Amino acid sequence: MKFKIIILVSGYFMILAGCSSGPIKESSASGQEYKSLTAKFEQQVSINYLLYLPKNYSDKDKFPLMMFLHGSGERGNNLELVKKHGPPKLIDQGKDFPFIIISPQCPSGIRWKTNSLIALLDEIIKNYNVDENRIYITGLSMGGNGTWKLANEIPKRIAAVMPVCGWGDPWTICEIGDLPVWAFHGAKDNVVPVQRSKELVDALKSCNGNARLTIYPDAYHDSWTQTYDNQEVYDWLLKQTKDQRKKLNSAPF
């Protein structure tokens, strides 16, 4: 029996800006004063999402969590659109997953904002039995970009990411450290060129990152259907844990 919930969540996302308060120096020669600010910034966020719980979900056990980020064509305020591709589509067709799966919907006219996604992640962890050692992010196209952005922002909170035909910032990507990445792209993609995934994976390899890239030689922009239809990708995700990374980092050379 499938169990799906559609909920609206509102929360607060807090960030810390600056490093100290008051003047650092009295003034410069031009009369401009040196200042610094420490403050808390509060922002209210709102996001609609689909929630899937495994058939064997219970309050006694911890379950891995997957966040799926859709592409630009599924934006809006109709959650039925989110079921068009990826895990939500497969769930709607009757597939069972061993993950708690959250599939948020990006509002029209914007791209994924990491503040609302992190707030949603916090909300699910607070209210459900999530194994925080096994949190995974995946997404396609615009959602692939959102996956790379979350990897950059919260690499220590997640166990692995799986961006599909996405793009990101190769100048900052090494900040994700040894976070496991399995990226996918179509060689003939004329919407997001395959080079956008190549440059990110190559950048990670140059700084000893843990990244791999699968290129489908005959695929265009739709590289997600065969990716999410492949059981191997879910088996790979389940093998990735934050504890595993800690053990590798602490192993003697």
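Annotations for the structure displayed:
- Residue within the range 130-142 that is surrounded by fewer than 16 Cβ atoms within 10 Å (Cβ to Cβ), at pLDDT 95 or above and part of a loop (DSSP other than H, G, I, E, B) present: no
- Among the residues of the range 205-242, those that are in a helix (DSSP H, G or I), touching a helix residue (DSSP H, G or I) at 6+ places or on another chain (Cβ under 7 Å) and within 15 Å of G166 (Cα to Cα) comprise W224, T227, Y228.
- Residue selected from the range 147-161 under the condition hydrophobic (A, V, I, L, M, F, W, C) and either farther than 13 Å from N210 by Cβ or at pLDDT below 95 (or both), by the criterion surrounded by the fewest Cβ atoms within 10 Å (Cβ to Cβ): I154
- Residue tally, condition assigned to a loop (DSSP other than H, G, I, E, B) and over 28 Å from P98 (Cβ atoms), over the range 40-77: 3
- Residues satisfying the criterion are absent from the range 162-177 (criterion: polar (S, T, N, Q), closer than 29 Å to D122 by Cα and part of a helix (DSSP H, G or I)).
- Residue selected from the range 66-101 under the condition free of Cβ contacts under 8 Å to residues at least 40 places away in the same chain and aliphatic (A, V, I, L, M), by the criterion farthest from L237 (Cα to Cα): L81
- Residue tally, condition more than 23 Å from C106 (Cβ to Cβ) and of a type in the set (D, E, K, R), over the range 147-205: 8
- Within the range 108-128, restricting attention to residues that are in contact (Cβ under 8 Å) with a residue 40 or more places away in the chain and part of a loop (DSSP other than H, G, I, E, B), the residue that is farthest from E153 (Cα to Cα) is Y128.
- Number of the exception - Q105 against (1) crowded, with 19+ Cβ neighbours inside 10 Å; (2) of a type outside the set (S, T, Y); (3) over 29 Å from V194 (Cβ atoms): (3)
The values are calculated or read from the model by the stated rules, or taken from the named source; none is laboratory data. It should be emphasised that the depicted structure is a prediction, and the values quoted were computed from it without experimental measurement. Note that each Cβ is placed from the backbone with ideal geometry, even for glycine, and that neighbours are counted across all protein chains shown.
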